[in-house]
1. Round to the nearest 10 and give me the degree value, 0 to 90, for the angle of helix 21-33's Cα axis relative to the longest principal axis of the chain.
2. Given a 10 angstrom Cα cut-off, can you work out which residue in R25, R52, R68 is the most mobile in a GNM of the chain?
3. For the range 1-75, what is the relative contact order in percent, using Cα pairs closer than 8 Å and at least 6 residues apart in sequence?
4. For the chain, take the longest principal axis of its alpha carbons; what is the angle in degrees between that and the long axis of helix 64-74, to the nearest 10 within 0 to 90?
5. Across all directions of projection, what mean area in square nanometres is found for the Cα convex hull of the chain?
Amino acid sequence: MMSCREMTEFLSDYLSGELDAPTRRRFEEHISQCPPCVVYLKTYEESVRMGRAAMTEPCDEIPPEMVRAILSAMKPKD
């Protein structure tokens, strides 16, 4: 059976339909018996959905506060 770690390695290919049949069966067997991986899979799918949705809305201007926060975070700390 596939381990949880292996499941995460195949997640993207599983969702895009790119897994070969034997690997897909092992993946689906694992998630059918591992509730934490089912939660992880759903969270991953929702993250992808939200990321795509965010990219469909144009962003004309970055708020100045965000620019300042990013630049401040990039400064080397002594």
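1. Taking the Cα atoms of the chain, the angle to 21-33 is about 80 degrees.
2. Most flexible of the set in this elastic network: R68.
3. Dividing the mean separation by the residue count of the range 1-75 yields 27 percent.
4. 70
5. The orientation-averaged projected area of the Cα hull of the chain comes to 8.5 nm².
Read the figures in this text as sums done on the coordinates, not as results from a lab. Just so we're clear, the structure is a prediction, and the values are computed from it rather than from any experiment.
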